[in-house]
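Let me begin by presenting the structure, written as structure tokens, before commenting on it.
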Amino acid sequence: MKVEMFNFELPEELIAQVPLENRSASRLMVLNKQTGELNHAIFNDIVDYLHEGDCLVLNDTKVLPARLMGSKFDTGAKIEVLLLKQVNGDTWETLVKPAKRIKKGSIITFGNGNIKAVCVEELEHGGRLLDFEYEGIFYEVLDELGKMPLPPYIKEQLDDQDRYQTVYAKERGSAAAPTAGLHFTNELLDAIRAKGVHVAFITLHVGLGTFRPVSVEDINDHKMHAEYYTISKETAELLNNVKQKGGKIISVGTTSTRTLETIASATDDGEFIAGSGWTDIFIYPGYTFKAIDGLITNFHLPMSTLIMLVSAFAGRDHVLHAYNEAVKEQYRFFSFGDAMLLI
């Protein structure tokens, strides 16, 4: 299956550069995955499409201020570092720009020397393993020096850093936000619970896969980067109970989807079992879903693994038709854009 099959024309002006003042005021396109029928609504209307006994599953990862601006110790050359995941202790997997300047043994300093990093291994595609040295508590130093790692297609400065966090963000460790969740407010979540819909949380720390484009021609040649996930006993039991009673599991975002499908795929009957681990699951058309019954997501990049996942769930033809309609109706795309509900 060719990556080009998931291409579409997207005018640059439809890429949302700033979030709306009201999170839940974004537009919502509702796609019937069986028929391809489309309806247009406002995200606040999402409560009308959920039913008592259903379960909404949210990713409660919290984005680190993971973008650090530093300089090479010996030359003073400017170096940008993006923290991706903590490998062990003070060793982190990172993306470095320009990577060609940083070799094994290179030293990078940040701030007034508050943080120093030594390159201990060179990885592919600009990746580097860095050992950090600092005084005090690393996350407090990071809060002081780091910036939110906004995607490269967002050119505007973000005045309020919390707008790149979900209102329920809790477990810090992510290099990017699970952006489908940015549309929810606490008031909307309360209204959903009041309708008898369960709200559950899992964690997947978004990593390198979010920043790495698909660079192969054939989907089968692409490999996803592994990301860390965890699901509690409470959430696992709730999801199993919802399934047993005939309720629907509605996943908020592709990150929640990949986590749930990874967990359900580990058992013969699709049962959810508490635990943690690493997932590199790549979902594209032909995949049989075992966990979710519905999906809330944003509008994604052409030829990305994300649009492939959505196409696997609702059918490539239905999804590309919906995307073309979204362009025609001038929906806002990507992280700060509008949303889709696929049911």
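Per-structure values
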| item | result |
| --- | --- |
| Positions within the stretch 177-231 being assigned to a helix (DSSP H, G or I) and more than 22 Å from ARG27 (Cα to Cα), in sequence order | ALA194, LEU208, GLY209, THR210, ILE219, ASN220, ASP221 |
| Of residues in the stretch 79-100 being more than 17 Å from PRO149 (Cα to Cα) and of a type in the set (D, E, K, R), the one nearest to the chain's Cα centre (by Cα) | ASP90 |
| Test: LEU130 is over 29 Å from LYS223 (Cβ atoms) and touching a residue at least 12 places away in the same chain (Cβ under 8 Å) | no |
| Within the stretch 61-80, considering residues that are farther than 26 Å from GLY253 by Cβ and β-branched (Val, Ile, Thr), the one surrounded by the most Cβ atoms within 10 Å (Cβ to Cβ) | ILE79 |
| The stretch 91-112 residues that are among the aromatic types (Phe, Trp, Tyr), paired with ones that are open to solvent by 40 Å² or more (accessible area, probe 1.4 Å) (beta carbon under 8 Å, 6 or more apart) | TRP92/LYS85; TRP92/GLN86; PHE110/MET69; PHE110/LYS116; PHE110/LEU145 |
| Hits in the stretch 290-343 - residues which are under 14 Å from ASN7 (Cα atoms), part of a loop (DSSP other than H, G, I, E, B) and in contact with a Leu (Cβ under 7 Å, 6 or more places away or on another chain) | HIS300, PRO302 |
| Those residues of the stretch 188-220 which are over 22 Å from the mean Cα position of the chain (by Cα) and without any contact (Cβ under 8 Å) to a residue 12 or more places away in the chain, in sequence order | ASP190, ARG193, ALA194 |
| Filter result (over 20 Å from PHE313 (Cβ atoms) and surrounded by 20 or more Cβ atoms within 10 Å (Cβ to Cβ)) within the stretch 1-18 | ALA16 |
| Which numbered condition ILE231 misses (of (1) farther than 28 Å from LEU64 by Cβ; (2) crowded, with 18+ Cβ neighbours inside 10 Å) | (1) |
| Residues of the stretch 266-286 classified as within 20 Å of the chain's Cα centre (by Cα) and without any contact (Cβ under 8 Å) to a residue 40 or more places away in the chain, total | 1 |
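The values are calculated or read from the model by the stated rules, or taken from the named source; none is laboratory data. None of these values were measured; they are calculated from a predicted model. All Cβ positions, glycine included, derive from the backbone under ideal geometry; neighbour counts span all protein chains shown. For accessibility, only protein heavy atoms count, side chains too; no ligands or nucleic acids. Shrake-Rupley method; radii C 1.70, N 1.55, O 1.52, S 1.80 Å.
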